[in-house]
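The values are calculated or read from the model by the stated rules, or taken from the named source; none is laboratory data. Quick caveat, the model's predicted, so the values are computed rather than measured. Note: ideal-geometry Cβ built from the backbone for every residue, glycine included; neighbour counts use all protein chains shown. Side chains included, ligands, DNA and RNA excluded: accessible areas come from the protein's heavy atoms. Shrake-Rupley method; radii C 1.70, N 1.55, O 1.52, S 1.80 Å.
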Amino acid sequence: MSDLAHILDAGVSGAAAISAGALTYAVRVPSCSWLAPSVFRGSDTRPAIALTFDDGPSESTPELLEILSRYRAPASFFQCGANVRRLPGVAREVAAAGHEIGNHTDSHALLALKSSSFIYRELAAAQESIEHSTGVRPRYFRAPYGVRWFGLGTVQQRLGLHGVMWSTIALDWKRQTPAVVSRLLRGSSRGAILCLHDGRVLESRPDIGVTLQTVRELLPKLMERGFHFEKVTDILCPTKN
Ligand SMILES: [Zn+2]
């Protein structure tokens, strides 16, 4: 995201009312909801953690499903419409295994500087493809690169979507397994929402070896510490038992 600062600077000249610093905060900081309502962590009433996976489905998603089923760990998958059309059978497998499916736009578009109609088309196309392939209409949306933009809030509302960010992002696309595992262990607390990736943007046959090995090592460690896993829907509910 090295060019993001540049993009945001351009955004500020268009919307000169707020400072570059405030705009960067609003666009990027997971706990900020200025541009679109979103949550970044769940209820702390239980020792629960939400595992979330972005950028799928990919050819390696079934291997991840196997690991999750070994630990009976439900998870949430924020899928891209284009990947769902490429691998509809894998998208169906995710839903059939009882996991939750969310919307991660159609083409993994960076929403900064885009018009409301572009944002609507991206989110609506993903809703259609996901529903067509899996029978499930997503209720949650995660913005690619964690970047929200003006107009997204209204689009989310129109489509009945709630924004979900994360309390810790794994950096599993650029770091090695030991670093990713220890980062996620440090970020694991009651109600944490962890963000990993079962795809790499729209790449076909991406190498997600670090993600798979991280999940293999992380899940037993978290269970030893007394945590269990919940889907996004459940972890957001303070009264769930
Ligand atoms: Zn993504």
Want the number for ARG186 to ARG137: 0.36 nm per residue separation, take away the alpha-carbon distance, what's left? 14.3 nm
For the chain, longest principal axis from Cα atoms; helix 4-14 axis from its Cα atoms; angle between them, nearest 10 degrees, is 30
Magnitude of the Cβ-charge dipole of the chain, K/R +1 and D/E -1, about the Cα centre, nearest 20 debye? 480
Inter-part distance where segment 29-67 and segment 75-108 are each reduced to a Cα centre, Å: 13
Under a 5 Å amide H to amide H cut-off, with H placed in plane at 1.01 Å, what residues pair with ASP55 once short-range neighbours are removed? PHE78, CYS80
Would you mind calculating the gained length between ARG72 and LEU202 on full extension (0.36 nm times residue separation, minus the Cα-Cα distance), in nm to one decimal? 44.0 nm
Hey, what do the phi angles of segment 46-59 turn into as Karplus ³J(HN,Hα) couplings, whole Hz, using 6.51/-1.76/1.60 and θ = phi - 60°, x for Gly and Pro? 9, x, 10, 10, 9, 8, 10, 10, 9, 6, x, x, 10, 4
Distance (nanometres) between label positions extended 7 Å along Cα→Cβ at CYS237 and GLU224: 3.2
Under the rule a/c < 1.5 gives rounded, and otherwise a/b versus b/c splits prolate from oblate, where does segment 143-241 land using the Cα gyration tensor? oblate
Over the chain, the sum of -39500 (n - 2.57) across DSSP H runs of at least four, divided by residue number and rounded to 500 deg cm²/dmol, gives at 222 nm -12500 deg cm²/dmol
17 Å reach of a label modelled at ARG158, 7 Å along Cα-to-Cβ, counting backbone N of segment 30-52: 36-37
Interchain or sequence-distant (5+) residues whose placed amide H lies within less than 5 Å of the amide H of ILE101 are PHE77
Of all accessible surface on the chain at a 1.4 Å probe, what whole percent is carbon and sulfur? 53
Which order do peptides 95-102, 24-31 fall in by mean Cβ count within 10 Å, highest first? 95-102, 24-31
Rounded tilt (10° steps) of 61-70 against the dominant C-alpha axis of the chain: 50
With θ set to phi - 60°, apply the Karplus curve 6.51 cos²θ - 1.76 cosθ + 1.60 along segment 177-192 and write out the HN-Hα couplings as whole Hz, x wherever there is a Gly or Pro. 3, x, 5, 5, 4, 5, 4, 6, 5, 4, x, 8, 8, 4, x, 5
In square nanometres, what is one fourth of the surface area of the convex hull spanned by the alpha carbons of the chain? 12.3
Going by average Cβ neighbours within 10 Å, how do the peptides 158-168, 193-203, 108-118 rank, with the highest at the top? 193-203, 158-168, 108-118
Could you state the angle between the C-alpha long axis of helix 209-224 and the longest principal axis of the C-alpha atoms of the chain, as a value from 0 to 90 degrees rounded to the nearest 10? 60
Step through the residues of segment 150-158 one at a time and calculate ³J(HN,Hα) from phi using the Karplus curve (6.51 cos²θ - 1.76 cosθ + 1.60, θ = phi - 60°), rounding each to whole Hz and writing x for Gly and Pro. 4, x, 4, x, 5, 5, 4, 4, 4
Any chance you could check the Cα centroid distance between segment 222-240 and segment 138-209 for me, in angstrom? 17
